[in-house]
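All remarks here apply to the structure that follows.
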Amino acid sequence: MNPAAHEDETTEETRRGSLGALFVLVIALFGAIGTAFAQGEGASRQSPPVTDTQADAGSDAASTQPPVGPAHTAPATGAPFTSGLAPLPGNARVPLGWLPPGAFEQDTGPSTAVYPPQKLTIRFNHKFHVVTQKLECKSCHPGALTSQSVNDVLTPKPTLCDGCHGTDHTNLNDVQAGDDDSGQCAFCHIGYKAGDGNRVAKFHIPHSNMVFNHQKHAARNINCQQCHGDIHELELATRDQLPRMRGCFGCHQHPDSVSRGDAKSSCDTCHVKGGASEGGLLKTTFASGVLNPPRWMHNAQHAPDFIQRHKYVAANDSQFCANCHKEEYCTGCHDGRVRPRSIHPADYLNMHATEARLATQKCTSCHREQSFCLGCHQRLGVSMSGPTAAREAGRFHPPRQEWSDAPRRPGHHAFEAMRNLNACVSCHIERDCVVCHGGQGIGGGFNPHGGGFSSGCATQLKRNPRPCYVCHEPGAPVLQRCQ
Amino acid sequence: MLVSARAHGQDGATKATGAPAASAKSTAAAAPASRPLDAEITSDTSAQFYEMRSPTGQTIIARRRLTTTLGVAVYDLFDKVDDPRAPTVTFRARLRYDADYGGSVEETAINRPDRLVPGFSRGPVDLMYGYIEGRRFFNGLLGFRLGRQYVTDSLGWWSFDGGQVKVTTPYYFAVEVYGGLEQRGGLPLSTSRFERDGVWRGDRSGYERDPSLYPSFQPSDIAPAIGAAVESAGVTWLHGRLTYRRVYNTGTSNVSQFASGLRSPATYDGTRISQERLGYSIDATLPTLGGIKAGFAYDLYVKQMGNVFASLDWYTSPKVTLSLDYDYFRPTFDGDSIWNFFMAMPMNDLGLRASWDPTPRLGIAGGVRARAFTVQTEPEKDLAFQTSPNALSEANYYPTSAIDPMGGANLSGRYRIGEGFLGARAVADVHRTGDRVGMDVYGERTIETRYVLQARTGVWQWNDKLRTDRDATNFGYVLGVGYKLFPRSLVLADFQHDMNRIAGQRFRAMLWLTIALAK
């Protein structure tokens, strides 16, 4: 048997074996990842916390697990209550004009990072109370006029309902129902069952992850509707009626400026500042989500390909980025000492030559070629300018006759240099070029300048003659054309 | 651990005791978390162990790298931290030690020119940044920065030692001026990352005994810099920044590339321009329609446009955005560099992409792009040196088309799970001189708020048309396991294994330690 063929077969067997082992490894890897993610998924579904003050807004603190969202229930008489279970009857879509200012057509709701999901277990008809019963917002939400913090609970205490509904919520461990249907527990409490130990589902509106002072806005005669939309047209008020950031921008405009008057607009005017725990920047990660800029704000949507497009945003307003990112976040890649796998995948050391030639990503975005790239190439002996003991005998480029000898042919280095000069600079020092491109007497006299060069070189010679002198002696006739 | 409730509020205190962060975070976020005089000490340390091989495999360098940074910051030095109108003063500094214990001592020994790698240092220390910053003084009119700081705008990412003053006027614009010394490699506590490319420059101390040793390696000297910018302020939907920068080279430069004294002049002394550039960028958005971003950087020394970009976004629906991107790039270099005067043709890139967010957790983006490298198609006219090959039509080859096309596509997706994510990206680039195509799938998950799992796997193939012996298909994976010690502090180990026919089996082990102590 041909030894080479035998070697090929052995190699093929080895390769098959490797592929089999590889397949098992991949399966095991994905299995492990899947298990980890499946396990973690449960943890991420934890209910948001309930504080004592929040429990005040609801009913029985010792409630059972509450249902999420509206649910139909029935009073003792058996007639179903249908109003107040959704913003509009039949859960119809709320018209854009009734949503808070800044909401979009086909609105997807406010950010969950800022407003965590709520559990509304109370049936309530705002339209009935405001329009029919002629109540004002402050009748039930008096605290909204004086509140200075999002920690304040602005939903009414249940005792406030007692006056009209005939109930008695004074002692939450012994709530007394009213006489008529409107005083029955099931009239308001969704999911209430008479035989269930007088328990009601917990009502839960988590605090907003932001900074807000109702009092300041009320004092400027900004009414509820200007931020919350037309709640008086709706039955149940949901998260969708919470203010949109775009609506806030009617008065507050980023970046902050004295030209905006009293409505200050630095991000920490409304967003939570993390202090030292966040490096002095905004707090961006919450249990309910991650704070990311909307796409309409500086076109800075952090889509999965943002790593390729963020330059447009950073080049325009880096201070905008600096609200959430510290310098070291940027230096991690742009002055990086550790190769980021999201940019340089796999065995990038062997792949990078191809990518550098393609210039898919501009190496100079993160690397100074005459320092970072050249130093490594010299150490490896790839560069012509490296130390003699390290220099390799092999040739990196195609054969000299094709690559560098005159006359030029397809594949000559001149064309490669023209279309991507940076690739040359990553490995060569100026001496390597001067050997041939230096003027007569210094180099081979092969002119590298482009057309029209001499018409503009006078200014360059005057402002910095140093590069001229590398290839031309100061008195050289050709240099005088630029003087 | 060392986390006071004063600084962190309930958040830090709860997380420090290890209670479920999900509940702690939500509660703490409701309260203004920051307090006067927040301070922190942070440190990031990474250790990397891998090998580098030359293309022939003849040279192998062992990398035994240790990179560690130490940061100090004091925030909110004034006592009105919760008032967004109050002036703020902040101090931030970070020092970095970046060592390669795999490097040989001979590579830095000047008495071993056969082994010496100019500019290489086995353990450089640099001050990444260190400045004191004030904002919102005089009712928001005045801001300043003093110390080593970054400037980022359409002229790129840049660093200098000096001062910057920003005046925000009541007329919807701000004026910024700055001046100082550019951060330059070879000077104390500095790196070369932020100086313009095209000059091989560094610390030549010790080379005096033999000036002919690596004459191309230029000595570093201070580089005075000034800059100014005018920027819009107070309007979100429209933002623009006009920026100007000038940097000077000073000191001696080796001009002769061969051996000192053989050519005249051997050196050049004098203050000369390093860079003078003008840039502008603009961003305008109509929230219900779309947005546009555009900008340019013009090199006033070379008298060439270095970069022009424009991006048009169309919000076709609440969840879908279509974009058209354009990018023009022509390399320009430091004023000392000869490469400014080499014929370099621009690249023109055109891209079409779409992003789609089917759910708040899931995002998908993809696009196609085309690049036109341009090349010379006929002899150059008006050349100073008519015998140059560039000016000769005889015996020279010129392509019939000036456009050397390249195509590519990418597709990426990300699914957020709490603080973790599952992502994938695929890339393909095709060009006459080489192709690259590949895909990665990756994820990160934190379990019980402290155990971190990371994984990545992918297949990549690259074809080098100029060197077919460099073609390879690579399969690789990375596995990482970490433990969150306390808020913002993590210890993590990961292991990377790549398999391809060039490298065979390539391994890379990494250890990370991130520590943040806050007061």
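The values are calculated or read from the model by the stated rules, or taken from the named source; none is laboratory data. Model, not experiment: these values are computed from the prediction. Note: ideal-geometry Cβ built from the backbone for every residue, glycine included; neighbour counts use all protein chains shown. Ligands, DNA and RNA are stripped out before the accessible areas are found, and what is left, the full protein with its side chains, is counted by its heavy atoms. Shrake-Rupley method; radii C 1.70, N 1.55, O 1.52, S 1.80 Å.
What the table below lists for this structure:
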{"quantity": "Selection status of residue A:123, basic (Lys, Arg) and either outside the structural domain of residue A:207 (by TED's automatic domain parsing) or open to solvent by less than 30 Å² (accessible area, probe 1.4 Å) (or both)", "calculated": "yes"}
{"quantity": "Strands (runs of 3 or more DSSP E) wholly inside the stretch B:264-342 that include at least 2 residues being without any contact (Cβ under 8 Å) to a residue 12 or more places away in the chain", "calculated": "B:304-317"}
{"quantity": "So residue B:199, is it over 19 Å from residue B:126 (Cα atoms), under 24 Å from the mean Cα position of the chain (by Cα) and not in a strand (DSSP E or B)", "calculated": "yes"}
{"quantity": "Subset of the stretch A:328-352 (residues that are in a helix (DSSP H, G or I), at the interface with chain B (Cβ under 7 Å from one of its Cβ atoms) and open to solvent by less than 30 Å² (accessible area, probe 1.4 Å))", "calculated": "A:331, A:350, A:351"}
{"quantity": "Residue in the stretch B:314-324 that is at pLDDT below 95, open to solvent by 40 Å² or more (accessible area, probe 1.4 Å) and within 7 Å of another protein chain (Cβ to nearest Cβ) present", "calculated": "yes"}
{"quantity": "Residue in the stretch A:461-471 that is in contact (Cβ under 8 Å) with a residue 24 or more places away in the chain and more than 7 Å from every other protein chain (Cβ to nearest Cβ) present", "calculated": "no"}
{"quantity": "Test: residue in the stretch A:359-368 that is surrounded by 22 or more Cβ atoms within 10 Å (Cβ to Cβ), under 22 Å from residue B:54 (Cβ atoms), touching a strand residue (DSSP E or B) at 6+ places or on another chain (Cβ under 8 Å) and facing another protein chain (nearest Cβ under 7 Å)", "calculated": "no"}
{"quantity": "When residues of the stretch B:347-360 are limited to those that are within 9 Å of another protein chain (Cβ to nearest Cβ) and assigned to a loop (DSSP other than H, G, I, E, B), the one most open to solvent (accessible area, probe 1.4 Å)", "calculated": "B:360"}
{"quantity": "Residue that is nearest to the other protein chains (Cβ to nearest Cβ), among those in the stretch A:434-460 that are at pLDDT 85 or above and not in a loop (DSSP other than H, G, I, E, B)", "calculated": "A:434"}
{"quantity": "Criterion violated by residue A:129 - all others in (1) free of Cβ contacts under 8 Å to residues at least 60 places away in the same chain; (2) surrounded by 18 or more Cβ atoms within 10 Å (Cβ to Cβ); (3) assigned to a loop (DSSP other than H, G, I, E, B) satisfied", "calculated": "(3)"}
{"quantity": "Residue that is farthest from residue A:326 (Cα to Cα) [pool: residues in the stretch A:246-293 that are part of a helix (DSSP H, G or I) and hydroxyl-bearing (Ser, Thr, Tyr)]", "calculated": "A:259"}
{"quantity": "Single residue of A:431, A:408, A:395, A:391 found to be open to solvent by 10 Å² or more (accessible area, probe 1.4 Å), within 7 Å of chain B (Cβ to nearest Cβ), out of contact with any Asp or Glu (no Cβ under 9 Å at 6 or more places or on another chain) and not in a helix (DSSP H, G or I)", "calculated": "A:408"}
{"quantity": "Considering residues of the stretch A:147-191 that are in a loop (DSSP other than H, G, I, E, B) and of a type in the set (Val, Ile, Thr) only, the residue least open to solvent (accessible area, probe 1.4 Å)", "calculated": "A:190"}
{"quantity": "Given (1) of a type in the set (Phe, Trp, Tyr); (2) more than 10 Å from every other protein chain (Cβ to nearest Cβ); (3) closer than 17 Å to residue A:280 by Cβ, index of the condition residue B:49 fails", "calculated": "(3)"}
{"quantity": "Subset of the stretch B:478-505 [open to solvent by 30 Å² or more (accessible area, probe 1.4 Å) and in contact with a helix residue (DSSP H, G or I) (Cβ under 9 Å, 6 or more places away or on another chain)]", "calculated": "B:479, B:484, B:488, B:499, B:502"}
{"quantity": "Scan of the stretch A:209-233 for residues that are small (Gly, Ala, Ser) and either touching a residue at least 60 places away in the same chain (Cβ under 8 Å) or not in a helix (DSSP H, G or I) (or both), ordered by number", "calculated": "A:218, A:229"}
{"quantity": "Residue match in the stretch B:69-79 (condition: at the interface with chain A (Cβ under 9 Å from one of its Cβ atoms), out of contact with any Leu (no Cβ under 7 Å at 6 or more places or on another chain) and at pLDDT below 80)", "calculated": "no"}
{"quantity": "Top-ranked residue in the stretch B:80-107 [being part of a loop (DSSP other than H, G, I, E, B) and of a type in the set (A, V, I, L, M); ranked as farthest from the other protein chains (Cβ to nearest Cβ)]", "calculated": "B:86"}
{"quantity": "Candidate set from the stretch B:405-423 (those that are open to solvent by less than 30 Å² (accessible area, probe 1.4 Å) and at pLDDT 90 or above); member that is farthest from residue B:484 (Cα to Cα)", "calculated": "B:406"}
{"quantity": "Residues (among the polar types (S, T, N, Q) and either in contact with a Pro (Cβ under 9 Å, 6 or more places away or on another chain) or open to solvent by 20 Å² or more (accessible area, probe 1.4 Å) (or both)) located in the stretch B:193-221", "calculated": "B:205, B:212, B:216, B:220"}
{"quantity": "The stretch A:173-189 residues that are in contact (Cβ under 8 Å) with a residue 24 or more places away in the chain, paired with ones that are hydrophobic (A, V, I, L, M, F, W, C) and not in a helix (DSSP H, G or I) (beta carbon under 6 Å, 6 or more apart)", "calculated": "A:184/A:76; A:184/A:177; A:188/A:122; A:189/A:200"}
{"quantity": "Pick from the stretch A:369-384, criterion within 7 Å of chain B (Cβ to nearest Cβ) and polar (S, T, N, Q), ranking: nearest to residue B:331 (Cα to Cα)", "calculated": "A:370"}
{"quantity": "Where residue A:445 falls short, out of the listed (1) closer than 22 Å to residue B:378 by Cα; (2) open to solvent by 50 Å² or more (accessible area, probe 1.4 Å)", "calculated": "(2)"}
{"quantity": "Count of the stretch B:361-382 residues which are free of Cβ contacts under 8 Å to residues at least 24 places away in the same chain, open to solvent by 50 Å² or more (accessible area, probe 1.4 Å) and either in contact with a helix residue (DSSP H, G or I) (Cβ under 8 Å, 6 or more places away or on another chain) or under 30 Å from residue B:294 (Cβ atoms) (or both)", "calculated": "2"}
{"quantity": "The one condition in (1) open to solvent by 10 Å² or more (accessible area, probe 1.4 Å); (2) within 28 Å of residue B:174 (Cα to Cα); (3) at pLDDT below 95 that residue B:309 fails to fulfil", "calculated": "(3)"}
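Condition check ((1) of a type in the set (Asp, Glu); (2) over 26 Å from the mean Cα position of the chain (by Cα); (3) open to solvent by 10 Å² or more (accessible area, probe 1.4 Å)) across all residues:
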residue	(1), (2), (3)
B:253	no, yes, no
B:256	no, yes, no
B:267	no, yes, yes
B:271	no, yes, yes
B:275	no, no, no
B:287	no, yes, yes
B:298	no, no, yes
